[in-house]
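K.L.:
Have a look at this one.
The values are calculated or read from the model by the stated rules, or taken from the named source; none is laboratory data. Everything numeric in this text was worked out from a predicted model, so none of it was measured. So basically every Cβ, Gly included, is an ideal-geometry build from the backbone, and we count neighbours across all protein chains shown.
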Amino acid sequence: MGLDFKEHEYFHAYRPRWPLEFAAIAAELASDLAFNNVSFISIEHVGSTSVPGLAAKPIIDILLVIAADEFHEIKRLQIMETLGWARRPGQGGYSNDTGEGGVKGRWSLKLNGVEPFKSLHVVPERGIPHRSCLALRQTLRKEEELRREYETVKIEVAAKREQEDVAQYSIRKSGIIRKILRKAGWSDEEVDEKVAFVQPREPKYLEL
């Protein structure tokens, strides 16, 4: 039986326009970073909107991958300065620096009040946040049974929360996340390390 998304305020059935929205955002982001001479390795579409057929909150999650030896405060300030400057008519600019956003080893930013809504996560190349995002995306794209199980768990968890933050939300999904990463070939030790990166904090917002 299909899910009735009218009963789930946070979710929408998969929308084919999501990868197109990501492509436009990524092109503008790359242009803005290049204009300010801010180096990066890649810009990746991650999260539920990057998986065809998966229900998601309509927020485009973007991974900005930088060199591991550049993951320091000076680089963070360069990126913040660039994104604060990069405001376009109809597109807005990034704001709301949320620090690590409930996950160690990344910097997170939000965009207020402009569609498509988006979250940007800056991560060091080959770090746990980088590798886990790609592993989850690729596995969910390939494994339909896991995709359906993940979707069900995600919606059930979201339906039970009131003011949970992203870390608490991630903790509640840890069982299915472990299953997906094991399918992706991760060892138990690697999965434990990934789970340990999630940090509970004061309630602020929910990412899906």
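K.L.:
Can you pull out every residue in the range 1-38 that is at pLDDT below 70 and either among the aliphatic types (A, V, I, L, M) or assigned to a helix (DSSP H, G or I) (or both)?
P.N.:
Result: Met1, Leu3, Phe5, Lys6, Glu7.
K.L.:
Another question, then. Residues of the range 169-184 being touching a residue at least 40 places away in the same chain (Cβ under 8 Å) and of a type outside the set (Ser, Thr, Tyr), which ones?
P.N.:
Answer for the range 169-184, where residues must be touching a residue at least 40 places away in the same chain (Cβ under 8 Å) and of a type outside the set (Ser, Thr, Tyr): Ile177, Ile180, Leu181, Lys183, Ala184.
K.L.:
Could you look through the range 146-179, keep only residues that are of a type in the set (Lys, Arg), surrounded by fewer than 18 Cβ atoms within 10 Å (Cβ to Cβ) and at pLDDT 90 or above, and pick out the one that is farthest from Ala135 (Cα to Cα)?
P.N.:
Step by step, filter the range 146-179, then rank; the result is Arg148.
K.L.:
I'd like the residue in the range 43-60 that is modelled with pLDDT under 95 and assigned to a strand (DSSP E or B) and, out of all such residues, is farthest from the chain's Cα centre (by Cα).
P.N.:
Ala56
K.L.:
Go through the range 112-145 and report how many residues are crowded, with 22+ Cβ neighbours inside 10 Å and of a type in the set (Asp, Glu).
P.N.:
Counting residues in the range 112-145 that are crowded, with 22+ Cβ neighbours inside 10 Å and of a type in the set (Asp, Glu) gives 0.
K.L.:
Tell me which residues, restricted to the range 67-115, are touching a Pro at 6+ places or on another chain (Cβ under 9 Å) and at pLDDT 75 or above.
P.N.:
Within the range 67-115, Ala67, Ala68, Asp69, Glu70, Phe71, Lys104, Gly105, Arg106 meet the criteria.
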